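Okay, structure first, notes after.
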Amino acid sequence: MKSEKKTDDQQAIDAKIQQYQKSFDEILNAVLARVSIVLNFDILSETIDSALLVKALRSYNSKDVVEILRPFDDQHLYHYNRHTNANALPRTYLQENYFYPQFNIIPDGKFKKIGVLMTESFTRDAILGLDETDPFFIENNINYFTKYMWHTYTHNGLQDINHNNYKDFKGEAREDSDYVADSIATYMLLTSYGIPMIGCNHDRIVAEHPEVVKDRMIFILKNNRCNAVFRKREDERPEDSGNDDIEFRFKRNLLNYLAGFILAEGLALEDVKIYLGPSKKIIVRINGKFISTSESPATTKDNKIVSPSRNDNKALFVRLANHITVLMRQQRAAADPHSRVKIDKEASDYISNIIYKTTRSEKINESLRDERNRIHNNGDLGFYLKMNSRVA
């Protein structure tokens, strides 16, 4: 087992948890407000102008998101509870067996209400994982945990994988379920920040996003990696979690990077999976096609991956993303015009169906497109200039 935290560190840990518990509550409240707007967009738009809902989602100040739901306070659209370690179980046991939050949708009349049970371990590590040196750590963590909530919702609500049975799904089943959940969570994260996923005419993915939308998408995705909650968990798990787990985390980090990069380039992403050959050569399956690359992660003498982290592999990830994007554009350009329209429509329908299946909303993508077109046509860049200035 890895050594426990030193006793003389415990006071500092307790102090940080106490200091930032209120901040974490604020983060979680804003995350659930964002997710609630997306899940209830159609019914909310019967009372609130859909353009105002979209404007709130587009804001990187999540107080706007919380505020627009004030008229529905009496509906209690979302809530969360914390589970406490009443039996004083060892931390290593909790990290391995009782870590992940549970996400439930409770139908109540026309509304889909959200109930989340936060485990003590997840709350603790999420607070310890906050980077308080980041001047925008509140908003960046809202971004991070918004995607995480969609990932959890996909497991619990769409895949029927939950706290009680997740250990039944190991090996390839675990990998595939996480790959799908990550892809859906990426679509839903961008939707939660007011970015439409399909083109103006319903018949194709936008081949080139307007630059302002592309910049916004990149901004959201770049700031979606600001909490060390899962690294904290790894520090306290048994050492025998093995190189297989490191390989899985490497492949998953690469998949998430590729997905964000490709979508930001305005290309359709229906299906993606990462494989490692015997010599750790990276193979990518994307939209049904297999691409063998000459790239591989850094390995030790016994052929084990040195690090799964995105930061440690950034140059590798960028090379692969650029290479695959070029290949996708070449394949698209080589198709005859009729086939290209058909392929684009299939991709557009695929993403639209995912968003509809996740939200059951008929209106949200249409409203997001309308707002995107208004910004593009009117040159309304005020929000984006303000947003960019915050990270200058």
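The values are calculated or read from the model by the stated rules, or taken from the named source; none is laboratory data. Treat the numbers as computed from the prediction; the structure is a model and nothing was measured. Counting neighbours? That spans all protein chains shown, and the Cβs are built from the backbone with ideal geometry, glycine included. Each accessible area value is taken on the protein alone, full model and side chains, heavy atoms only, with ligands, DNA and RNA left out. Shrake-Rupley method; radii C 1.70, N 1.55, O 1.52, S 1.80 Å.
Strictly over 22 Å apart at the Cα level, which of LYS55/LYS147; LYS113/LYS363; LYS113/LYS222; LYS147/LYS251 would you flag in this model?
Pairs exceeding the cut-off: LYS113/LYS222.
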Query raised in the report: Per residue, what accessible area does the range 232-360 have, given a 1.4 Å probe and all protein chains present, in Å²?
Result: 50
Query - Amide N proximity, the range 305-324 versus ILE291 label position 7 Å along Cα-to-Cβ, cut-off under 13 Å - result: 317-324
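Give the peptides 319-331, 292-304, 173-185 in descending order of average Cβ contacts within 10 Å, highest first.
Details: 319-331: 15.2, 292-304: 12.0, 173-185: 18.8.
Taking the mean over residues of other Cβ atoms within 10 Å, the ranking is 173-185, 319-331, 292-304.
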**Report entry** Rounded D (µm²/s) - the range 32-123, Kirkwood Rh over Cα pairs, Stokes-Einstein at 25 °C, 0.890 mPa s
**Finding:** 165
Query raised in the report: When the dipole is taken about the Cα centre of the range 18-85, and only Lys, Arg (+1) and Asp, Glu (-1) are charged at their Cβ, what size is it in debye, to the nearest 20?
Result: 300
Report summary line: The long-range amide H neighbours of ARG82, using H built 1.01 Å from N in the peptide plane and a cut-off of under 5 Å, are MET118
Query - Distant-in-sequence amide H partners of THR299 (H built 1.01 Å from N, under 5 Å) - result: VAL306
